[in-house]
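Asker: Pasting a structure below so you can have a look.
The values are calculated or read from the model by the stated rules, or taken from the named source; none is laboratory data. Computed from a prediction, not measured in an experiment: that's the story for all the values here. Glycine also receives a Cβ, built like all others from the backbone with ideal geometry; neighbour counts cover every protein chain displayed. Surface accessibility is based on the protein's heavy atoms, side chains included, excluding ligands, DNA and RNA. Shrake-Rupley method; radii C 1.70, N 1.55, O 1.52, S 1.80 Å.
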Amino acid sequence: MSKVEGLDTILVTGGAGFVGSHTIVELLKAGYKVVVVDSCINSHPPKEGRDLPPVLERVQDLTGQTVTFHHLSILDREALKDVFLKHKVDAVIHFAALKAVGESVKRPLDYYHNNITGTATLLRVMGEVGVKRLVFSSSSTVYGPAKYFPTDEEHPTGQGVTNPYGRSKFVCEEMMKDLAKAEEGWQLVLLRYFNPVGAHPSGDIGEDPLGIPVNLMPYIAQVAVGRRERINVFGGDWDTPDRTCIRDFMHVMDLAEGHTAALTKFGDPAFSGAKPFNLGRGKGVSVLEMIAAFSRACGKEIPYKVVGRREGDVPTMVASCALAEKELGLEGHEEPGRNV
Ligand code: NAD
Ligand code: WQD
């Protein structure tokens, strides 16, 4: 996706994380300058004597471009404001958040504080310095248990969301809608990701969670390389064809492209307010199908065991991608290519 004229410097919060680092590759390729703010609460910090987290060093090597990094939390209002005063930021892509669903149930205040207060702090600072364009990492989780499939952006949100993480995303969306109603000039794009998986084709960057993975794909990957013995499949009694859950897995590089596409909305003077878009593939894949696909791709059997359901899981989530295709110019990513 080509660069939007007049948009030069993008501030990326949470840019040392999984989706952020892949998106930065696309941003640099498109010709944007990138300034990253990350507290490294869920990513590896710079090694002693280095300026950048290891993942951003690899991004620089991959792209031949440079990235500026500020090691701080978006909760630190003064430090965050200094970053805006130091760089002429044209727009923000806001990834910074805590994202582990199970952990959010155990530590709700940490999640509400980091994700909601963090976002409010960021928006306040942006308002003060007059930067009013933001792309927000939202989630399909805001739909709760979906009433129909594929699920489009008209589906109600906030109902039946089962955990503090999901509620924090819902509240952030509502906060942005309220802000855009209260004050003129905001351009806010809310991207509801479905299930991002995969890695940059170079293999130099990828998903590298700290601790034991909670998500399906990094867990399978660790079984494949022998770090874990087998994967537990949560539930073999769902109302789906092979009785395991169905998700809309999308490649992280397609998701990264979704962000450069979202920036094009800022080049449209008719666009204002806060608008949600689904980012998915529009295709459901079951947990067992995913394990089988991974086994085929790596030429190795992935041992698994079907165990009880995981609390809070829903049987099926599949995106309608029509709006993103129409308004963001994203083509459907129906067929493998980069996919597993
Ligand atoms: P990640 O944990 O890999 O990256 C998030 C980054 O934000 C980390 O580097 C972390 O250190 C940083 N961070 C967290 N709180 C911060 C703070 N207060 N100040 C500065 N930095 C902070 O997660 P990810 O998978 O890359 O997800 C990125 C965003 O996308 C998150 O907002 C997440 O909720 C959202 N999302 C992710 C998925 C998914 O499956 N990966 C799906 C839907 C939505
Ligand atoms: C996928 C499927 C599990 C691990 C989560 C968040 C959602 C969004 C994306 C951020 C489910 C099954 C998993 C394992 C398994 N994130 N599974 N064994 O739950 O669809 O979505 O990430 O916004 O908000 O909830 O993704 O990868 O955890 O699970 O059987 O060891 O794999 O039960 O059916 P999920 P996931």
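Asker: Could you bin all the Cα-Cα distances of the chain into 20 Å bins starting at 0 and give me the percent of pairs in each, rounded to whole numbers?
Answerer: 31, 61, 8
Asker: Using 14 Å as the cut-off for backbone N distance, which residues of segment 197-226 belong to the label zone defined by a point 7 Å from the Cα of K300 along Cα→Cβ?
Answerer: From segment 197-226, the list is 219-226.
Asker: When only Cα pairs under 8 Å and 6 or more residues apart are kept, what is the percent relative contact order across the chain? If you can, show how the numbers build up before the last one.
Answerer: Values: 654 pairs, mean separation 64.0, N = 340.
Reported relative contact order: 19 percent.
Asker: Of all DSSP beta bridges in the chain, what percent run antiparallel (nearest 5)? Present the calculation step by step, with values, prior to reporting the outcome.
Answerer: Numbers: 2 of 42 bridges.
Just about 5 percent of them are antiparallel.
Asker: So how tilted is helix 252-263 from the main axis of the chain? Cα-based, degrees 0 to 90, rounded to 10.
Answerer: 30 degrees
Asker: Sort all Cα-Cα distances of segment 151-218 into consecutive 5 angstrom bins from zero, then give the percent of pairs in each bin up to the one containing the longest distance.
Answerer: 3, 12, 16, 18, 16, 14, 12, 7, 2
Asker: Label V129 and E48 with points 7 Å out from Cα along Cα→Cβ: what is the distance between them in nm?
Answerer: Spacing of the two 7 Å Cα→Cβ label points: 3.2 nm.
Asker: How far is the Cα center of segment 294-326 from the Cα center of segment 74-148, in Å?
Answerer: Computed from Cα coordinates, the inter-centre distance equals 27 Å.
Asker: Would you mind listing how long segment 209-340 runs along its three principal axes, going by Cα atoms, in whole Å with the largest first?
Answerer: So the extents along the principal axes, rounded to whole Å, are 54, 30, 29.
Asker: Once you have the Cα-Cα distance between D237 and H87, take 0.36 nm times their residue separation minus that, and quote the gain in nm to one decimal. Write out the running numbers ahead of the final one.
Answerer: On the way: separation 150, 0.36 × 150 = 54.00 nm, distance 5.33 nm.
Taking 0.36 nm per residue and subtracting the Cα distance, the gain is 48.7 nm.
Asker: Could you check how many percent of all C-alpha pairs in segment 78-188 are farther apart than 22 Å? Could you put the intermediate results ahead of the total?
Answerer: Details: 2291 of 6105 pairs.
Roughly 38 percent, once rounded to a whole number.
Asker: What spacing in nm lies between the two simple spin-label points modelled at L109 and L210, each 7 Å away from Cα in the Cβ direction?
Answerer: Rounded to a tenth, the inter-label distance reads 2.0 nm.
Asker: Which is the longest stretch in the chain that no exposed loop site breaks, taking sites as GluC sites (Glu not before Pro) with a DSSP loop state and at most 13 other Cβ atoms within 10 Å?
Answerer: Working: sites that count: E5, E48, E154, E183, E184, E229, E301, E311, E331, E334.
The longest uninterrupted stretch comes out as 49-153.
Asker: For the Cα atoms of the chain, what angle does the longest principal axis make with the long axis of helix 18-30, in degrees from 0 to 90, nearest 10?
Answerer: The helix 18-30 is inclined about 50 degrees to the chain.
Asker: Give the ranking of R192, R107, R227 by solvent-accessible surface, highest area first, calculated with a 1.4 Å probe. The partial results should precede the final answer.
Answerer: Details: R192 5, R107 95, R227 150 Å².
So, going from the largest accessible area down, we get R227, R107, R192.
Asker: Output the 0 to 90 degree angle, nearest 10, between the alpha-carbon long axis of helix 77-86 and the longest principal axis computed from the alpha carbons of the chain.
Answerer: Value to nearest ten degrees: 60.
Asker: Using a 1.4 Å probe over the heavy atoms of the protein chains, calculate the carbon and sulfur portion of the accessible area of the chain as a whole percent. Could you put the intermediate results ahead of the total?
Answerer: Values: 7680 of 15430 Å².
Solvent-exposed carbon and sulfur of the chain make up 50 percent of the total.
Asker: Within straight cross-link reach of K106, meaning Cα distance under 21 Å, which lysines are found once same-chain residues fewer than 8 apart are removed?
Answerer: Qualifying lysines at Cα under 21 Å: K169.
Asker: Any chance you could run the full-extension gain for D268 through E311? It's 0.36 nm times the residue separation minus the Cα-Cα distance, nm to one decimal.
Answerer: On the way: separation 43, 0.36 × 43 = 15.48 nm, distance 4.25 nm.
Roughly 11.2 nm would be gained on extension.
Asker: Quick one: which residues, 5+ away or cross-chain, put their amide H under 5 Å from the amide H of V135? H built at 1.01 Å from N.
Answerer: V92, I93, H94, V189
Asker: Now for a different question. Under 14 Å from the Cα of K33, which aspartates and glutamates turn up, not counting those fewer than eight places away in the same chain?
Answerer: E5, D8, D90
Asker: Heavy atoms of the protein only, probe of 1.4 Å, neighbouring chains included. What is the accessible area of C298 in Å², nearest 10?
Answerer: Ignoring ligands and nucleic acids, C298 comes out at about 60 Å².
Asker: How much accessible area per residue does segment 231-340 have, counting only protein heavy atoms and a probe of 1.4 Å, in square angstrom? Spell out each step's value before the answer.
Answerer: Details: 5050 Å² over 110 residues.
With all protein chains present, segment 231-340 gives 46 Å² per residue.
Asker: Report the residue, chosen from I116, I212, I231, that carries the largest GNM mean-square fluctuation when the chain is represented by alpha-carbon nodes joined by springs under 10 Å.
Answerer: Top of the fluctuation ranking is I212.
Asker: Cut-off 10 angstrom, C-alpha nodes, Gaussian network model of the chain. Which of L210, L330, L98 fluctuates the most?
Answerer: Between L210, L330, L98, it is L210 that shows the largest mean-square fluctuation.
Asker: Could you provide, to the nearest whole Å², the per residue accessible area of segment 84-166 with probe 1.4 Å?
Answerer: Numbers: 3570 Å² over 83 residues.
Per residue, segment 84-166 has 43 Å² of solvent-accessible surface.
Asker: Taking the chain as a Gaussian network, Cα atoms linked when under 10 Å apart, which of H70, H259, H22 shows the biggest mean-square fluctuation?
Answerer: H70
Asker: Separate question: Mind scanning K88/K326; K47/K275; K86/K181; K47/K99 and naming the pairs with a C-alpha gap bigger than 27 Å? Walk me through the numbers on the way to the answer.
Answerer: Numbers: K88/K326 31 Å; K47/K275 39 Å; K86/K181 29 Å; K47/K99 24 Å.
Beyond 27 Å between Cα atoms: K88/K326; K47/K275; K86/K181.
Asker: Need one value: the accessible area of V307 in square angstrom, 1.4 angstrom probe, rounded to the nearest 10.
Answerer: It works out to around 40 Å².
Asker: Express in Å², to the nearest 10, the accessible area of R167 obtained by rolling a 1.4 Å probe over the protein heavy atoms while all chains stay in place.
Answerer: Probe radius 1.4 Å; accessible area of R167 about 90 Å².
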